[in-house]
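The values are calculated or read from the model by the stated rules, or taken from the named source; none is laboratory data. Keep in mind the model is a prediction, meaning the values are calculated, not measured. All Cβ positions, glycine included, derive from the backbone under ideal geometry; neighbour counts span all protein chains shown. Heavy atoms of the whole protein, side chains included, go into the accessibility calculation; ligands, DNA and RNA do not. Shrake-Rupley method; radii C 1.70, N 1.55, O 1.52, S 1.80 Å.
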Amino acid sequence: QVQLVESGGGSVQAGGSLRLSCAASGSISSIKNMGWYRQTPGKQRDLVATITTADITNYADSVKGRFTISRDNAKNTLYLQMNSLKPEDTAVYYCKCWTTLFRNYWGQGTQVTVSS
């Protein structure tokens, strides 16, 4: 089993920045790729960014050039640096990991609110 705990959410004005963190624990050695998703009320959970074990990254078009995903394997932590935030970035952000055991895990989510 893997446990994921997000932190770093909050309220910020448009144009501001936030850095989300996702601390992993448990069966750390089984973790392969990791990613961030976001969800607003009544809508599906959408991909924001992913990162592989080789640090290959992928981003949703809506966040390219503004968000950066990274991972620190020594600290078992995933990050999402969010710059030039827009009101449409307001959502609950979730951390996800895929494992070698053919299972995936989600964190509990952290709220990001961007005001205009």
How much of the DSSP bridge set in the chain is antiparallel, in percent, rounded to the nearest 5? 90 percent
I'd like the distance between the alpha-carbon centres of the range 1-23 and the range 39-58, rounded to an integer number of Å. 13 Å
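Could you rank Trp36, Trp106 by how accessible they are, 1.4 Å probe, largest area first? Kindly include the intermediate steps, with their values, before the conclusion.
Numbers: Trp36 0, Trp106 95 Å².
Reading off the accessible areas and sorting them downward yields Trp106, Trp36.
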Starting from the residue with the highest accessible area, list Asp55, Asp89, Asp46 in decreasing order, probe 1.4 Å. Asp55, Asp46, Asp89
Just to check, using Stokes-Einstein with a Kirkwood Rh over alpha carbon pairs, what's the diffusion coefficient of the chain at 4 °C and 1.567 mPa s in µm²/s? 92 µm²/s
Could you state how much accessible area Tyr105 has, in square angstrom rounded to the nearest 10, with a 1.4 Å probe and all protein chains kept in place? 30 Å²
Using 7 Å Cα-to-Cβ label points, what is the Ser62/Ala74 separation (nm, one decimal)? 3.6 nm
At a 4.7 angstrom Cβ threshold, list every cysteine in the chain that has nobody to pair with, or say none. Cys97
Note the count of lysine pairs whose C-alpha atoms are less than 24 angstrom apart in the range 22-116, limited to pairs 8 or more residues apart or on different chains. 10
For Lys86 and Ser29, what is the calculated FRET efficiency with R₀ set at 35 Å and r taken between the beta-carbons, to the nearest 0.05? 0.40
Give the relative contact order (percent, whole number) for the range 25-103; include only Cα pairs under 8 Å separated by 6+ residues. 38 percent
